[in-house]
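No value in this document is a laboratory result; all are computed from the given coordinates. Here the structure is a predicted model, which means the values were calculated and not measured. Quick reminder, even Gly has a Cβ in these numbers, built from the backbone with ideal geometry, and neighbours come from all protein chains shown.
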Amino acid sequence: MRWRLVTRSARLAFAAVAALALTGAATAAATADGRSTAAPACVTDDLTFTVTEETQAGGYLFLTAKAKPGISCTLEGVFPSASLGSSPDTAVSPAEHAVSESVTLEGSTTAYAGIYPKITNDGLGWEFDQLHLSVAGDEVNSITLDLPKTVLVDQPIATNWHADPADAVPFSS
């Protein structure tokens, strides 16, 4: 009942101070335990991306991601959020059935993913020369990369992000 005697702004101020105190206590406890804090999750703006074309496995787009200077972040081991056009049919689907290990990016550490632009066995599809790409969960900040050449697209699939480039070769079944 005492809350009714305090103004609303005073209650909000009290709640804010309590939240800060709890956050500070949790941070101090984590540091006192000796546990290191993991790098924060990467967002699209933390990274620089490149895309090249590879001929292995029938040809695919090979993506690399590196942290910008001074940034250390963790890239989840899921497939990149990407599309080769604005149609839902050009958005990439996962080529892998499980989440891979996350990759902590800093310095020269690189993450790799592969996109197979066409999994159908016909001459049908759409031709595109750009890739719209973002880190999964950060689609608002997507970037557009020029492809090395125009590619035919139909039901594209992508591997998860990996620390080993050999793991980024997409195979369709």
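Tabulated data for the structure shown
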item	result
Table column - 3J(HN,Hα) (Hz), the stretch 78-92, Karplus curve with 6.51, -1.76, 1.60, x for Gly and Pro	10, 6, x, 7, 8, 8, 9, x, 8, 6, x, 6, 9, 7, 6
Separation in nanometres of the label points that stand 7 Å from Cα toward Cβ, at LYS68 and ALA98	3.5 nm
Protection proxy ranking of 121-134, 41-54, 74-87 - average other beta-carbon atoms within 10 Å, highest first	74-87, 41-54, 121-134
Label-zone membership for the stretch 35-67, site SER142, 7 angstrom Cα→C-beta point, backbone N under 14 Å	44
Long-range amide H partners of VAL135 with built H, under 5 Å	THR44
Cα-Cα P(r), the stretch 70-109, percent of pairs per 10 Å interval	26, 36, 30, 8
Using alpha carbons only: equivalent-ellipsoid semi-axes of the stretch 69-164, gyration tensor based, whole Å	25, 15, 12
Estimated vicinal HN-Hα couplings, Hz - the stretch 136-150 in sequence order (Karplus 6.51, -1.76, 1.60; Gly, Pro = x)	3, x, 10, 5, 4, 9, 5, 10, 10, 10, 6, 7, x, 7, 5
Placed amide H near LEU75: partners under 5 Å, 5+ positions off or other chain	CYS42, VAL103, THR104, LEU105
For the stretch 118-135, 3J(HN,Hα) per residue [Karplus equation, 6.51 cos²θ - 1.76 cosθ + 1.60, θ = phi - 60°, Hz, x = Gly/Pro]	9, 9, 8, 9, 9, x, 8, x, 10, 9, 9, 10, 9, 10, 9, 9, 7, 6
Linear extension gain, ASP122 paired with GLU106, 0.36 nm per residue minus alpha-carbon span	1.6 nm
